[in-house]
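Heads up: the structure comes next, in structure tokens.
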């Protein structure tokens with residue numbers, strides 16, 4: 001989800017909920033302890049130099065069970081961090097502690113934010129000898145010669 005979408009959704013909700021990929025809610029008493037810009041400057045296995053930038057929000061849960069972060073307060077946190085992002089409409093990533101620090105993508109179901117699993121990938125498959133997956137044509141009839 002892009003930062004602009006995230007900010008729009010914050011305006012449309014009255015309470016802030018995040019759901020983990022396993023279906024569990026992040027405890028309602030979470031804090032946003034960091035709002036930042038993550039920049040990854042790297043070279044892929046094919047020799048291409050790349051750069052990725054993301055807005056990063058860190059969710060942290062403490063023992064203050066009465067704490068509730070309201071959507072407007074999170075909007076204010078983002079406004080204070082906006083100079084880090086410039087005018088770029090970057091993807092939002094969420095950091096959240098499980099067995100280790102996890103980084104999630106973000107989606108929205110109309111009421112709640114969904115933490116989405118991220119996957120590794122090879123960005124230079126053509127240089128690594130990894131075959132491209134062929135899409136099977138399911139509209140062919142057996143024996144027609146098109147499959």
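All of the numbers you see were taken from the coordinates with simple rules; none came from a lab. Just so it is clear, the structure is predicted and the values come from calculations on it, not from any experiment. FYI the Cβ positions are ideal-geometry reconstructions off the backbone, even for glycines, and counts take in every protein chain you see.
Observations on the model:
- Residue within the stretch 40-57 that is part of a loop (DSSP other than H, G, I, E, B), touching a residue at least 24 places away in the same chain (Cβ under 8 Å), loosely packed, with under 12 Cβ neighbours inside 10 Å and touching a strand residue (DSSP E or B) at 6+ places or on another chain (Cβ under 8 Å) present: no
- Subset of the stretch 58-78 that is under 18 Å from the mean Cα position of the chain (by Cα) and outside any helix (DSSP H, G or I) - its residue that is surrounded by the fewest Cβ atoms within 10 Å (Cβ to Cβ): 60
- The combined condition, being outside any strand (DSSP E or B), more than 30 Å from residue 128 (Cα to Cα) and without any contact (Cβ under 8 Å) to a residue 24 or more places away in the chain, is fulfilled by residue 8.
- Scanning the stretch 11-39 for residues that are closer than 30 Å to residue 125 by Cβ and part of a strand (DSSP E or B) gives 37, 38, 39.
- Of residues in the stretch 1-31 being touching a strand residue (DSSP E or B) at 6+ places or on another chain (Cβ under 8 Å) and over 13 Å from residue 106 (Cβ atoms), the one surrounded by the most Cβ atoms within 10 Å (Cβ to Cβ): 30
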